[in-house]
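> One structure, as structure tokens, below. Some questions next.
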Amino acid sequence: MIFGVLGVVNFSHGACYMLGAMIAAILLRDTGMTFWVALVVVPLVMFLIGVLMERLLVQWLLKLDPLYNFLLTFGLTLFTVDLVKRQYGVSSLAYPVPAGLGGRVSLGSVELSVYQIFAAAFSVLVCVVVWLVLTKTRVGMIVRASTEDAERSRALGINVARWVTPVFGFGIALAGLAGVLAAPTRSVNADMGSFFVIILFAIVVIGGLGSILGAVVAGFLVGLVEAYGQGYVGQFSQVLIFVLMALVILFRPAGLFGREEAA
Amino acid sequence: MHRNKSLALAASAVAGSLVLAACGSGGPSSGGGKISDDKVVLGLLNDQSGVYKDLSGPNSKVAIQMAVDDYKAKYGDKAVAKNIEIITADHQNKPDIANTKAQEMYDRQKADIILDVPTSSAALAVATQAKAKKKLFIDIGAGTTALTGAQCNKYTFHWAYDTGMLAAGTGGALVADGGKNWSIVYPDYAFGQDMTKSFSAAVEKAGGTVQQKIATPFPNDNFATFITKAGSTNPDVVGIMAAGGDLINFVKQYNQAGMADKARLAVGLMFITDIHSLGVEAFKNTVFTDAWYWNFDDQNRAWADKFKEKTNTRPSFAHAGNYSAAFNYLEAVQAAGTDDADAVVKQLEGKKINDVFLRNGEVRAADHNVTHDVYQVKVKSKDQVKEEWDYEEVLKTVPASEAYAPPSPDCKM
């Protein structure tokens, strides 16, 4: 979405995901803030960070080649990760599964943890909400119009620039939310985002740059490929994701749902 | 990433020219003099910023400083080494950087010994340098048996642990305790493969069976399917050979998958810092082998208290190992009356040591592996924990003779 509206390839998503999880873990440790509160508070904090990032840094490079913002966000990632390491060390912080979601349920032959089901359902919910906002509201229409064709939207009297900051902040907030959701099942440390961003990149490319539906479909696709890959070829499961990406690029250079001009 | 590479290139270019400069000036002047350059230089080369920072890292310098203080207090005016300097460098767990830094330490900074060096590939690179420069290297942080096996040399010692000892302590003991059937999950790189080989051998020797050996990518953050697969044969024990962040990913997901109630979890290599970061709850019933535990007895505890005064944290076995290695090196310099590497090696070889870290320790002359009693431990349950860092219950002391394999025939000094 950030790419669609701004033409900015945000490479700092991994770092924002990490920040989301770290903030949740630190708040839990120092103030006892529960998972449920963090689920609301962390995205808000991340939204503010996103707004600051956009206002202070990203906006100045918008007029230049997108590569500059790519480098900027990459630099921000290195900076943030090292800052967190300096402050909180490299060992993971503790983040237990939230109370009430610790159990397991049996669904026929498979047994799933309640938290997994919750995380999956919550992700779907967030997707649906984002989709509804984008398709059913005026704000969503403006954002979509700007994504489709910023020039023409501007010609129609829409102040595209006004929406740039909140959209950027929203994107960062979502990354932070993902971090909170991941905290109970992943190790929470400064490096947790570095791996995430690579998979994310594959998902975006497979789905098609700038396509929101594409990103959702590709996300599930990549998840399935990884899971089956683990089952059948073990250590090569991650390679499979990139094989999939290479195949998609080979046959559909713009990604599954991308448009040619976006690529 | 490119930036790192070009930095590394630049660093090796600089180091390369330094090596040439050192050769030009006549090389090391250790010959007949008592203390070269009038000082003994201890070089600490380890991970100062990455995944192994907390378990050894900068706090190992504190441990080495404690060894220097104790040495000075013990010998006072009679000390052979009057000026002792500690230098540190970050090898970022990369063998190429370790190689360059080791050259720099030995040649330019006149290090008489390099200590620690976690990460097996980096340790092997430093061992090669030690051999070429004829200077000492005592490894504490790395696990590979190759240091005292095929790639052993006269100037390299392995002080704290190796994969063979971890396997004998954990693998053998769990089979004896009824854990006959094993599934092993391991990251598919040198350390994971080495650990899996050692564990399989130990489990089979004790009469158990390894039903599955499951390779995973490294690094990896999603183990869901691997865990399902590991549980599919209903094993008594699931052995995990990952370390650091991957280990924590695995344990969290293992517990969420409900496996903790079905099979015991055995961790190949665990540091107390791992338990500290996840909390004892997550490691319920987990068994592993520790080279040293700070709260094992009064002697350890006293040392750990001193360490805590300086660092505000409890020591891992790597910290205590660095202390012990540095102190015994200085003792050897004292006994030899010089810091000449060959004379010091002669003092160390075959030496029997009992100190805060080594119990029934022996510096084996045949392969320079330092064998000692190690501990099979279980992670305490939450209500057993009486203070911060009080995480381990020692089930059994594994005598050195059982923990360490005899010297490898591959080692030719």
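> Scanning for something over 19 Å from the mean Cα position of the chain (by Cα) and small (Gly, Ala, Ser), does the range A:118-132 turn up at least one residue?
Of all residues in the range A:118-132, those over 19 Å from the mean Cα position of the chain (by Cα) come to none.
No; the residues of the range A:118-132 include none that is over 19 Å from the mean Cα position of the chain (by Cα) and small (Gly, Ala, Ser).
> So, A:Ser211, is that one polar (S, T, N, Q) and either more than 10 Å from chain B (Cβ to nearest Cβ) or touching a His at 6+ places or on another chain (Cβ under 9 Å) (or both) or not?
Numbers: polar (S, T, N, Q): yes; either more than 10 Å from chain B (Cβ to nearest Cβ) or touching a His at 6+ places or on another chain (Cβ under 9 Å) (or both): yes.
Yes; evaluated as a whole, the condition is true for this residue.
> Continuing with this model, one more query. Can you tell me how many residues in the range A:242-256 are surrounded by fewer than 15 Cβ atoms within 10 Å (Cβ to Cβ) and not aromatic (Phe, Trp, Tyr)?
Qualifying residue count for the region: 6.
> How about the range A:85-112: which of its residues are at the interface with another protein chain (Cβ under 9 Å from one of its Cβ atoms), within 30 Å of B:Gln92 (Cβ to Cβ) and either touching a strand residue (DSSP E or B) at 6+ places or on another chain (Cβ under 9 Å) or crowded, with 16+ Cβ neighbours inside 10 Å (or both)?
A:Lys85, A:Gly89, A:Val90, A:Ser91, A:Ser92, A:Leu93, A:Ala94, A:Tyr95
> Among the residues of the range B:174-203, which ones are of a type in the set (S, T, N, Q), in a strand (DSSP E or B) and within 18 Å of A:Val233 (Cβ to Cβ)?
B:Ser183
> When residues of the range B:233-246 are filtered for being assigned to a helix (DSSP H, G or I) and under 15 Å from B:Lys262 (Cβ atoms), how many remain?
Residues flagged as assigned to a helix (DSSP H, G or I) and under 15 Å from B:Lys262 (Cβ atoms) within the range B:233-246 amount to 0.
> Mind checking which residues of the range A:161-176 are over 21 Å from A:Lys85 (Cα atoms) and touching a residue at least 40 places away in the same chain (Cβ under 8 Å)?
A:Trp163, A:Val164, A:Thr165, A:Pro166, A:Val167, A:Phe168, A:Gly169, A:Phe170, A:Gly171, A:Ala173, A:Leu174
> Filter the range A:196-218 down to the residues that are within 26 Å of B:Asp246 (Cα to Cα) and either in contact with a strand residue (DSSP E or B) (Cβ under 7 Å, 6 or more places away or on another chain) or surrounded by fewer than 18 Cβ atoms within 10 Å (Cβ to Cβ) (or both) and list them by number.
The answer is A:Ile198, A:Phe201.
> Got a sec? Which of B:Asn312, B:Asn354 is farther than 25 Å from B:Lys131 by Cβ, modelled with pLDDT of 95 or more and surrounded by fewer than 20 Cβ atoms within 10 Å (Cβ to Cβ)?
Matching residue, one of B:Asn312, B:Asn354: B:Asn354.
For every residue, the table says whether it meets (1) away from chain B (no Cβ under 14 Å); (2) among the acidic types (Asp, Glu).
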{"site": "A:Val129", "(1), (2)": "yes, no"}
{"site": "A:Val139", "(1), (2)": "yes, no"}
{"site": "A:Val143", "(1), (2)": "yes, no"}
{"site": "A:Gly157", "(1), (2)": "yes, no"}
{"site": "A:Arg162", "(1), (2)": "yes, no"}
{"site": "A:Thr165", "(1), (2)": "yes, no"}
{"site": "A:Ile172", "(1), (2)": "yes, no"}
{"site": "A:Gly179", "(1), (2)": "no, no"}
{"site": "A:Asp191", "(1), (2)": "no, yes"}
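> Right, next: Within the bounds of the range A:232-252, is there any residue that is among the hydroxyl-bearing types (Ser, Thr, Tyr) and touching a helix residue (DSSP H, G or I) at 6+ places or on another chain (Cβ under 7 Å)?
yes
> Right, something else. Restricting attention to the range A:45-64, does a residue exist that is assigned to a helix (DSSP H, G or I) and over 23 Å from A:Trp163 (Cβ atoms)?
No, the range A:45-64 has no match at all.
> Within the group B:Asp194, B:Asp188, which residue is farther than 30 Å from B:Ala81 by Cα and without any contact (Cβ under 8 Å) to a residue 40 or more places away in the chain?
Of B:Asp194, B:Asp188, the one residue that is farther than 30 Å from B:Ala81 by Cα and without any contact (Cβ under 8 Å) to a residue 40 or more places away in the chain is B:Asp188.
> Just name the residue that is farthest from the other protein chains (Cβ to nearest Cβ) out of those in the range B:236-246 that are buried (at least 24 other Cβ atoms within 10 Å of the Cβ) and either free of Cβ contacts under 8 Å to residues at least 12 places away in the same chain or more than 21 Å from the chain's Cα centre (by Cα) (or both).
B:Val237
> Among (1) of a type in the set (S, T, N, Q); (2) over 23 Å from B:Ala142 (Cβ atoms); (3) in a helix (DSSP H, G or I); (4) at the interface with another protein chain (Cβ under 9 Å from one of its Cβ atoms), there is one condition B:Asn249 misses while meeting the rest; what is its number?
(2)
> Just to verify a result, which residue in the range B:221-235, among those that are more than 7 Å from every other protein chain (Cβ to nearest Cβ), crowded, with 20+ Cβ neighbours inside 10 Å and modelled with pLDDT under 95, is farthest from B:Gly178 (Cα to Cα)? Spell out how you get there, then give the answer.
Residues of the range B:221-235 more than 7 Å from every other protein chain (Cβ to nearest Cβ): B:223, B:227-228, B:230-235.
Retained after the next criterion (residues that are crowded, with 20+ Cβ neighbours inside 10 Å): B:223, B:227, B:230, B:235.
Of the ones still in play, those that are also modelled with pLDDT under 95 are B:223, B:227, B:230.
Numbers: B:Phe223: 26, B:Ile227: 21, B:Ala230: 18 Å.
Looking at residues that are more than 7 Å from every other protein chain (Cβ to nearest Cβ), crowded, with 20+ Cβ neighbours inside 10 Å and modelled with pLDDT under 95, I get B:Phe223.
> Could you tell me whether any residue of the range A:113-121 is more than 14 Å from every other protein chain (Cβ to nearest Cβ), in a helix (DSSP H, G or I), surrounded by 11 or more Cβ atoms within 10 Å (Cβ to Cβ) and on the phi < 0 side of the Ramachandran plot?
First pass over the range A:113-121, keeping only residues more than 14 Å from every other protein chain (Cβ to nearest Cβ): A:121.
Then keep just the ones that are in a helix (DSSP H, G or I); that gives A:121.
Imposing the further condition that a residue be surrounded by 11 or more Cβ atoms within 10 Å (Cβ to Cβ) reduces the set to none.
Checked the range A:113-121: no residue is more than 14 Å from every other protein chain (Cβ to nearest Cβ), in a helix (DSSP H, G or I), surrounded by 11 or more Cβ atoms within 10 Å (Cβ to Cβ) and on the phi < 0 side of the Ramachandran plot.
> Still on this structure, please answer the following. Only one of A:Thr77, A:Thr135 is more than 14 Å from chain B (Cβ to nearest Cβ) and among the polar types (S, T, N, Q); which?
A:Thr135
> Quick check on my filter: what residues within the range B:278-302 are buried (at least 23 other Cβ atoms within 10 Å of the Cβ) and without any contact (Cβ under 8 Å) to a residue 60 or more places away in the chain?
Scanning the range B:278-302 gives a single hit, B:Leu278.
The values are calculated or read from the model by the stated rules, or taken from the named source; none is laboratory data. Values in this document were obtained by computation on a predicted structure and should not be read as measured data. Virtual Cβ from ideal backbone geometry, glycine too; neighbours counted across all protein chains shown.
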